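Quick notes on the structure that follows.
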Amino acid sequence: MSKALQTMEWMTPGANLNAYIQGTGTVPILTLDEEKSLGEALYYEDDLDAARKLVMSHLRFVVHIARSYNGYGLPLADLIQEGNVGLMKAVRRFNPEKGVRVVSFAVHWIKAEIHEFILRNWRIVKIATTKSQRKLFFNLRSAKKELQWLSADEAKAVADDLGVDLKDVMEMEMRLTSRDATFDAPVDDDEDSNTYSPSLYLESKGADPAEQIENENFEGDNNVRLAAAFKNLDERSQAILQRRWLDDTKATLHQLAAEYGVSAERIRQLEKNAMKKVRLLMEG
């Protein structure tokens, strides 16, 4: 049906908005019997001409709904076009046996398409993603009595009325009062400029690829040299360094002294000499 509806001999809202709105008012409103007859023709016979007539007769209703979203700063023509998409989806799913009028059934689909369009285009970064956030986005501004921050009691009342968490109310209010910022804004030569560029605050000095490779190579070379130097020690010195520095559970000087039958001071000297030899072998 969508392909057929796209070929209607009718101007789009973007061509001449005033003419389009006036044109929607010239399309006759269907009576209950006419609407039911067209609905049955579409539902049972897939009559695309019936679908076209159902859509055409309700275009003025889409205009009426779209106008209620003028306060979001988006072109009315775009809102109407998105609403028309919702209307066509509703007509396609309309079941005349349910006993409801098309206008009552279509209002959900029309608003859903307009809502999605607003959320995609109101700001560069999508302001609402969860169900609670979407509900708050379209209700919070109208729920606020004045153009100022909500008090704790007002925020609690809004949360209770809309059935959302208080923290969601506070977060959405902050989102609504914030603005988009260019990530990589040009730097102004004027020292008094208040230009804020997030890129200037997110620079990581440790993210230089050349420096990272150099550090990795240095660490790898040190490990190789350490392993080679360690092998040049006698078994006792290796064991002392292993248990004093490399094992998960470190041994004390007194524990090693008891095992080797010498004093703790002697173990300390052996450890010191072994580390000195390792250092010299690594430097050489």
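Read-outs: derived from the displayed coordinates by stated rules, not from any lab. Keep in mind the model is a prediction, meaning the values are calculated, not measured. Neighbour counts run over all protein chains shown; Cβ positions are idealised from the backbone, glycine included.
Between ASP161 and ASN18, the contour length at 0.36 nm per residue exceeds the Cα-Cα span by 47.7 nm.
Taking 31 Å as the limit for the C-alpha separation, the pairs LYS53/LYS135; LYS98/LYS131; LYS98/LYS167 exceed it in the case of LYS53/LYS135; LYS98/LYS167.
Can you work out the FRET efficiency for the pair ASP33 and VAL107, with r the C-beta to C-beta distance and R0 = 25 Å, to the nearest 0.05? Working shown, then result.
Details: r = 22 Å, r/R0 = 0.87.
The calculated FRET efficiency here is 0.70.
Distance between the pseudo-spin-label points of LEU48 and ALA228 (7 Å out from Cα toward the beta carbon): 7.9 nm.
Could you order peptides 254-266, 99-111 by the average number of other Cβ atoms within 10 Å of their residues, highest first? Could you put the intermediate results ahead of the total?
Working: 254-266: 13.2, 99-111: 16.7.
The densest-packed peptide leads the list: 99-111, 254-266.
Quickly rank 238-245, 214-221 as a protection proxy: mean count of other C-beta atoms within 10 Å, highest first. It would help to have the intermediate numbers written out before the result.
Values: 238-245: 17.0, 214-221: 10.5.
Ranking the peptides 238-245, 214-221 by packing returns 238-245, 214-221.
Note on LYS135 and ARG93: the model spin-label points, each 7 Å out from Cα along the C-beta direction, lie 2.0 nm apart.
If Rh is defined by the Kirkwood formula over all Cα pairs and Rg also comes from Cα, what ratio Rg/Rh do you get for region 208-283?
Values: Rg = 15.4 Å, Rh = 13.8 Å.
In region 208-283, Rg relative to Rh is 1.12.
Between ASP221 and ASN70, the simple spin-label model (points 7 angstrom out along Cα→Cβ) gives 7.3 nm.
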